[in-house]
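Before any comments, here is the structure.
The values are calculated or read from the model by the stated rules, or taken from the named source; none is laboratory data. Just so it is clear, the structure is predicted and the values come from calculations on it, not from any experiment. With ideal geometry, Cβ positions are generated from the backbone for all residues, glycine too; neighbour counts draw on all protein chains shown.
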Amino acid sequence: MQHLEDLVKSKFSATKLFKSFDMKSAKKGLLQGYSLRSFGSFPIYEVSTEGPPHDMRFRCTVRVRDQAYASLCDHRHLREAEEDAAAVAYKDNLGDDNIDMLLEMVNKANFHVTQTLKEFTIKKSICEPCFSSSMVHETSKMTRWLSTVEVDGQVFIGETARSKQLSVRKAASSAITAFLEDGDALMVSVVQGKRLVNAVPTKLKHDSTKKHRRKRRKIRHQ
C-alpha cells in the first residue's frame, strides 16, 4: 500500500491527508474536535494529584462550555486521567452508542454517501466536495481505482476498489467517518437526518399494508 500513499501525497503534497483506516479513536482528540466545531472553544483540563512523587496518582476534570466532567478513578499517568475525563464528557455529549450506530449506517452499501457529503458542505457553507480518481496497479495482473475527496482543505483517502464509482463512494465514506469520529455536530445532524428519512418509507409501507388489509376485511364482511 505504500506506493498508493506516495501516489496520493504526490498530488496533494501541501494538503493534510486523512485515511479512513488510520483514524484514531482517542476520546481526548474527539472531544476537542467536537468542542471546537460546536462551541468554538477548547476543552479545559484541570488536574489534581495525590501521593508521594514516586507513586503519584492523577485525577482530572474537563470543562466543555459550562459543564464539568470528572475522571472515573485515579490514574498513574496524567494522560490516562485526561483520556478518562474526556471519555466521560464525550459520551455525555454525543454518546458512543449513537456514533457507532451512525458509523455502521454510513458503511452500508445502500447509504448515499456522496449525496450526504454534498449536503454537509452546503449546510456548512463551504465548497462542494472535490473528488479525484486514479487507476493503480496493486499487482501485475490487477488494476484497481483509488479516489480522494477534498473537503474544506482536507483530503480524505478511500480504499482501493474494482470500479471508479465504488472508489468514489469509499472516499466519501472516509470523509464522513472522519467528521463523525471527530464529533462534528453538523455531520452528526446530517447523517441522523438521513436515518430518519430512510425510516419513513418503511413505516408508510407498513401503514399502507394495514389499511389495505382492513379494507379487504370490510369487503369480505359485506
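Scan region 84-97 residue by residue and report those that are under 18 Å from Glu181 (Cβ atoms) and crowded, with 17+ Cβ neighbours inside 10 Å. The answer is Ala86, Ala87, Val88, Ala89, Tyr90, Asn93, Leu94.
Being polar (S, T, N, Q), assigned to a helix (DSSP H, G or I) and modelled with pLDDT of 95 or more holds for only one residue in Thr121, Thr202, Thr177, Thr209, and it is Thr121. Residues in region 132-152 that are in a strand (DSSP E or B) and out of contact with any Ser or Thr (no Cβ under 6 Å at 6 or more places or on another chain): Ser134, Val136, Glu138, Thr139, Met142, Thr143, Val149, Glu150, Val151.
Just so you know, in region 113-130 the residues that are exposed (fewer than 15 other Cβ atoms within 10 Å of the Cβ) and in contact (Cβ under 8 Å) with a residue 24 or more places away in the chain include one that is farthest from Val155 (Cα to Cα), and it is Lys123.
For first residues located in region 171-194 and touching a residue at least 40 places away in the same chain (Cβ under 8 Å), partners that are buried (at least 21 other Cβ atoms within 10 Å of the Cβ) and among the small types (Gly, Ala, Ser) and lie 6+ apart or on another chain with Cβ distances below 6 Å form the pairs Ala171/Ser147; Ala171/Gly158; Ser174/Gly158.
For (1) surrounded by 12 or more Cβ atoms within 10 Å (Cβ to Cβ); (2) within 25 Å of the chain's Cα centre (by Cα), each residue gets a yes or a no:
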{"residue": "Arg37", "(1), (2)": "yes, yes"}
{"residue": "Glu46", "(1), (2)": "yes, no"}
{"residue": "Pro52", "(1), (2)": "no, no"}
{"residue": "Met56", "(1), (2)": "yes, no"}
{"residue": "Arg59", "(1), (2)": "yes, no"}
{"residue": "Gln67", "(1), (2)": "no, yes"}
{"residue": "Asp74", "(1), (2)": "yes, no"}
{"residue": "His77", "(1), (2)": "no, no"}
{"residue": "Glu82", "(1), (2)": "yes, yes"}
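Could you please let me know if Val155 is among the β-branched types (Val, Ile, Thr), closer than 18 Å to Thr121 by Cα, at pLDDT 90 or above and not in a helix (DSSP H, G or I)?
Working: among the β-branched types (Val, Ile, Thr): yes; closer than 18 Å to Thr121 by Cα: yes; at pLDDT 90 or above: yes; not in a helix (DSSP H, G or I): yes.
For Val155, the condition - among the β-branched types (Val, Ile, Thr), closer than 18 Å to Thr121 by Cα, at pLDDT 90 or above and not in a helix (DSSP H, G or I) - is met.
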